[in-house]
Every structure is written in C-alpha cells, then in structure tokens.
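Here is the structure we will look at.
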Amino acid sequence: MKLTFLGTCNGHTSIGREHNSLLVESADGSLLADAGANVPQFLLRQGYAADFPEAFYLSHMHSDHTAHVASLIQSLWLRRRQAPLKFYAPAGVIATIRPWLEHSLLFPGLIGFEIDWVELEDGKTVSTPAGKLTPFATTHLHNLQKRFGADHPSTCFDCFGFTLTSKRKRLVVSADLGAATDLAPVLDQPAQALVVELAHFSIEDLAKVLKGKDLHQVWLTHYQTNASSQMTHNISVMKKAGFAGELCLATDTLMITI
C-alpha cells in the first residue's frame, strides 16, 4: 500500500505547505482522502490519467479539507475523464457538496462522467476500489455543533475518520479529532500504519491512547509549522509511554510504502 501526503498543514495558512490531502494506492485501486491541497495540479504534475483516482473520500466540511473539491471535478471534466468517480462521505456532507458542485456550474450532464455518491454510516463497512473502508465518527465538530447547531440546522457537523483494509494491510486515518481518545475504538486491531492529525491535542494525549497498541508506524500530519523541531521530544514522549512502533513526521509530497 502506497501513501502520498499531498498536504500536511493544519488549518492555518502556511507559506510552502498545503492543507490536508492523502492519496492511498493499494493493490486493489486508489482512494483520495480530502482535497485541502491543490490536488488537480499534483495529479497533472505526476502524470496521472484523468480516470485517476478511482475514489474520493471527504471527511467533513472544514475548508482546509474541501478547498479543491470543485476544482478537482472541473479538472477531471476538462481532461475528459470517462470513468465513474466513487465519492464517499457522511450523508450530510454529500447533501451539501452535490448542490455546491451544481452551483459551481459542474452539472451531471456537463462533466461527462458519473459521480457515484456513497453515504457513509459510522461503523458500517463499505467496499471501495482501494479496499474495505470502515468510517468512524470523531468528536471534532461537537463543540461547534453545541454552539451553532440550533441556529444552523442544515449544517453537517459530522466528521469521519476511516480504516482501510487491502491484501492483509490495514491503514487507520484519523481525519480531524476532537480528542486523541476518538481513536480508541479503531485501535483494537493491529495496523501497519496510523495517519493521525496533531492539531487538536498534545503528543502526551496521543501517547496515552497509543500505549501498547500494535501499530508498525504512526505518521503525524495536520500539524503546526514548528513540529519538525519537536520530533525528538515527541519520540521521547511516545517511548516513555510504552509505544513500541515508529513515530514519523509526514511532509508535503512525501511518498511511503507500508
């Protein structure tokens, strides 16, 4: 399974870093998770055909995850994509994105390829071109919902991370979390890698959750600019907590194999 970090920045704008996007290529197929980074430019630069990727996953509606959704669809249209695009997201996200694309003048009858909308449910496994995907709900937007939900009843406050299993490889992707403990239900099984954000809690909080877990690698993403200078400290904290796996810092355009 190959992972490419298209963007690793947190919600703040950064010079030289893109917002959140992760490309997963397995033995079965491909899945792009979120489009905060300039995905169309990356795909073109890397020489991917217009029928790539086969599937897209959108975790939630924050703009540092959705910024290039419409530009991706437009790029695939103008590059004459023919293959259907599987689009996986929470139901409320799809209810927002579908009309948004139409308001962006990207009509189903215009773009030339079908978008297959797949509404995700917490804990319900679905088949994707890249493998078996199981979404899990996080508490990332719970506080916002408490503050603004009554005044904005049509807004989707769901945020889903996911696990992806292909050819005996298991990947866990956190999306955005409300707390490190949101990960606990999906870490009861071994995984080759965990891709986890580090914008909304401390490394100490993460270490408590990962203690004793069977993870080969943990890749930190969605972090503040100075995170690279803190890696010695982060690794020390994880080791003291009893985490036996490898802790790594993801960077934009980094490609790894798990």
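Pull up the stretch 1-17, narrow it to residues that are assigned to a loop (DSSP other than H, G, I, E, B) and within 19 Å of Val172 (Cα to Cα), then point me to the one that is nearest to the chain's Cα centre (by Cα).
Thr8
Looking only at the stretch 35-50, which residues are hydrophobic (A, V, I, L, M, F, W, C) and assigned to a helix (DSSP H, G or I)?
Across the stretch 35-50, the qualifying residues are Val39, Phe42, Leu43, Leu44.
Restricting attention to the stretch 204-233, report how many residues are assigned to a loop (DSSP other than H, G, I, E, B) and open to solvent by less than 20 Å² (accessible area, probe 1.4 Å).
Qualifying residue count for the region: 1.
Residue check, Leu72 against (1) within 23 Å of Glu119 (Cβ to Cβ); (2) not in a helix (DSSP H, G or I), all met but one. Which one?
Answer for Leu72: the failing condition is (2).
Kindly check whether there is at least one residue in the stretch 234-243 that is open to solvent by less than 20 Å² (accessible area, probe 1.4 Å), assigned to a loop (DSSP other than H, G, I, E, B) and in contact (Cβ under 8 Å) with a residue 24 or more places away in the chain.
Yes, because at least one residue in the stretch 234-243 is open to solvent by less than 20 Å² (accessible area, probe 1.4 Å), assigned to a loop (DSSP other than H, G, I, E, B) and in contact (Cβ under 8 Å) with a residue 24 or more places away in the chain.
Which members of the stretch 100-143 meet the condition of being exposed (fewer than 14 other Cβ atoms within 10 Å of the Cβ), part of a helix (DSSP H, G or I) and not charged (D, E, K, R)?
Correct list: His103, Pro108, Gly109, Leu110, Asn143.
Sort out which residues of the stretch 18-55 are surrounded by fewer than 24 Cβ atoms within 10 Å (Cβ to Cβ), among the charged types (D, E, K, R) and either at pLDDT below 95 or within 11 Å of the chain's Cα centre (by Cα) (or both), and write them in order of number.
Listed by number, the list holds a single entry, Asp28.
Scan the stretch 98-118 and tell me whether some residue there is of a type in the set (A, V, I, L, M) and closer than 26 Å to Met255 by Cβ.
The answer is no; no qualifying residue exists.
I need a count of the residues in the stretch 78-116 that are aromatic (Phe, Trp, Tyr) and farther than 20 Å from Leu31 by Cβ.
Of the residues in that region, 2 qualify.
The values are calculated or read from the model by the stated rules, or taken from the named source; none is laboratory data. Here the structure is a predicted model, which is why all the values come from computation and not from measurement. Note that each Cβ is placed from the backbone with ideal geometry, even for glycine, and that neighbours are counted across all protein chains shown. Accessible surface is based on the protein model in full, side chains and every heavy atom, while ligands, DNA and RNA are left aside. Shrake-Rupley method; radii C 1.70, N 1.55, O 1.52, S 1.80 Å.
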